[in-house]
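Quick notes on the structure that follows.
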Amino acid sequence: MSNLTQLCDVALRAIRPFGFCRSFTSRILTTPPTLTPPSASSLFKFSAPRYFNYSTTASRLPKSLFTMASSNEYSLLCLENPLLDIQAVGDKALLDKYGLKDNDAILAEETHMGLYEDLLNNYDAKLIAGGAAQNTARGAQYILPANSVVYLGGVGDDKYAAILQDAVKQAGLRVEYRVDPKVPTGKCGVIITGHNRSLCTDLGAANHYDLEHLKRDDIWALVKSAQYYYVGGYHFTVCPPAIMALGEEAAANNKTFVVNVSAPFIAEFFKDPLDASSPFWDVVICNETEAGAYAKSHGLASETDITAIAKHLANLPKKNSQRPRTAVITQGTEPTIVAVQGQDDVKQFPVHAISKDQINDTNGAGDAFAGGFVAGLVQGKSLEESVDMGQWLARLSIQELGPSYPFPKQTYTASN
């Protein structure tokens with residue numbers, strides 16, 4: 001395989017971090033999209049950044065992880081790759097206009113660049129502050145008190161960034177974006193036709209986040225103040241040094257460091273930076289497909305024994321010995337699996353499913369689960385209640401269009 005072919009293959013596998021959300025149940029309800037590779041010329045752009053901030057106003061799991069609720073403002077800090085999702089119901093004519101398929105996922109090329117304005121100007125488009133960890137951050141802030149969550153990532157200096165600012169403002173999420181004056185804001189055009197979704201993603205400035213922004217005095221002050229860090233796995237394709245800096249800060253100060261594997265290709269093609277961060281994991285989250293990919297890339301005995309994979313993840317070497325690691329593996333509508341470092345038994349939490357006619361869109365439900373679960377951590381909830389909060393928020397999300405949460409806000413109530 002040539003270097004260019006390898007590059008295109010890796011880039012193709014990497015489109016999900018920038019254009020798509022993690023689905024909690026879509027593997028059951030939809031067929032997987034096919035992928036069309038980008039041109040090599042669209043993969044790399046470099047420029048000097050500036051910066052912009054926008055602020056809006058019981059179990060056996062160790063008590064040190066779940067019973068120390070934080071009282072600080074912005075106690076949860078999230079890092080990953082922001083996108084503006086532009087979603088609209090379309091038809092075959094719109095798909096044909098841009099050479100798209102009705103159940104597809106591609107990186108945008110020049111011929112697709114008019115799609116985003118087309119959706120904004122000529123369709124009833126819904127604008128969502130997207131990107132997997134930004135969906136999770138919005139979900140956590142949905143549950144937590146005001147001024148609890150801050151999110152970091154990279155955007156451009158353009159109208160799409162301004163729209164994104166408005167979207168996060170409505171969600172009550174504080175963001176501290178690294179703004180690049182030359183690279184446009186990442187965006188994902190989503191054309192909905194029946195139960196199909198055609199996603200066309202312009203990666204943009206999300207791919208250019210750097211350690212310099214994280215270590216800037218005002219941003220690092222937020223890092224120092226936060227007690228919980230959540231990193232989406234897609235960021236392993238962007239700036240592993242920033243992930244390591246958060247992990248080291250967490251371990252040195254007994255803070256909680258949460259990593260979501262996010263996609264199978266992270267475990268397969270970004271194995272080295274993922275493994276380098278693993279000693280810092282206090283909580284690791286993935287779904288069963290990602291768990292299988294991890295097992296394959298790490299030579300575990302089985303790619304389908306989810307309980308064994310969870311125990312393996314939980315018992316990896318750990319830097320901070322003051323708290324054992326917890327591994328959480330979701331399985332769509334099957335029970336959520338949780339293993340704790342040093343414990344032989346593995347817990348299973350049944351999913352409280354809703355009827356199929358209540359489901360509107362499963363896109364981003366996995367992000368919602370993570371948001372509810374991490375909100376439970378921040379509030380000092382038990383393991384059982386934190387998992388239940390994740391499942392509750394995922395149920396709300398799949399009844400909305402796209403990775404969204406209902407308004408007026410609903411208040412969490414425990415499942416029966």
Exposure-ranked with fewest Cβ neighbours within 10 Å first, F369, F269, F257, F407 stand as F407, F269, F257, F369
Non-local residues with an amide H under 5 Å from the amide H of A108, with H modelled 1.01 Å from N and Pro and chain starts lacking one, are T201, D202, L203
So the FRET efficiency between R216 and E334, C-beta based with R0 = 35 Å and rounded to 0.05, is 0.20
For S397, S225, ascending order of other Cβ atoms within 10 Å (fewest first) is S225, S397
Calc'd 3J(HN,Hα), the range 84-99, phi into Karplus 6.51 cos²θ - 1.76 cosθ + 1.60 (θ = phi - 60°), Hz, glycine/Pro = x, comes to 9, 7, 10, 10, 7, 7, x, 8, 4, 4, 5, 4, 5, 4, 10, x
Note, the range 385-396: 3J(HN,Hα) by Karplus (6.51, -1.76, 1.60, θ = phi - 60°), whole Hz, Gly/Pro = x, goes 6, 5, 4, 5, 5, x, 5, 4, 5, 4, 4, 4
Rounded to one decimal in nm, the spacing of the 7 Å Cα→Cβ label points at D166 and V89 is 2.2 nm
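I need the calculated FRET efficiency for the pair E248 and K296, taking r as the beta carbon distance and R₀ as 30 Å, to the nearest 0.05.
0.55
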Distance in nm between E117 and H352 label points, each 7 Å along Cα→Cβ, equals 4.8 nm
In nm, the gap between the two label points placed 7 Å beyond Cα toward Cβ at N196 and D124 is 2.2 nm
Taking N as the number of residues in the range 221-261, the ratio of its alpha carbon radius of gyration to 2.2 N^0.38 Å works out to 1.09
Taking placed amide H atoms and a strict 5 Å upper bound, the residues 5 or more places from D180 or on another chain that come that close are R50, V155, G156, D157
Neighbours of A171 by Cβ distance under 11 Å: Lys/Arg at +1, Asp/Glu at -1, summed charge +3
Of the listed links K311/K356; K159/K224; K318/K347; K126/K169; K126/K356; K224/K319, those spanning more than 26 angstrom between alpha carbons are K311/K356; K159/K224
Across the alpha-carbon set of the range 179-337, Rg over Rh with Rh taken as the Kirkwood radius works out to 1.00
Spelling it out for Y230: with amide H atoms placed in the peptide plane at 1.01 Å from N, the residues 5 or more places away or on another chain with amide H under 5 Å from its amide H are L77, C78, L79, V258
Calc'd 3J(HN,Hα), the range 255-267, phi into Karplus 6.51 cos²θ - 1.76 cosθ + 1.60 (θ = phi - 60°), Hz, glycine/Pro = x, comes to 9, 9, 10, 10, 10, 9, 4, 6, 7, x, 5, 5, 5
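Where a number appears in this text, it was derived from the coordinates with a stated rule and is not lab data. This structure is a prediction, so every number in the text was calculated from the model and none was measured. Positions of Cβ are backbone-derived with ideal geometry, glycine not excepted, and every protein chain shown enters the neighbour counts.
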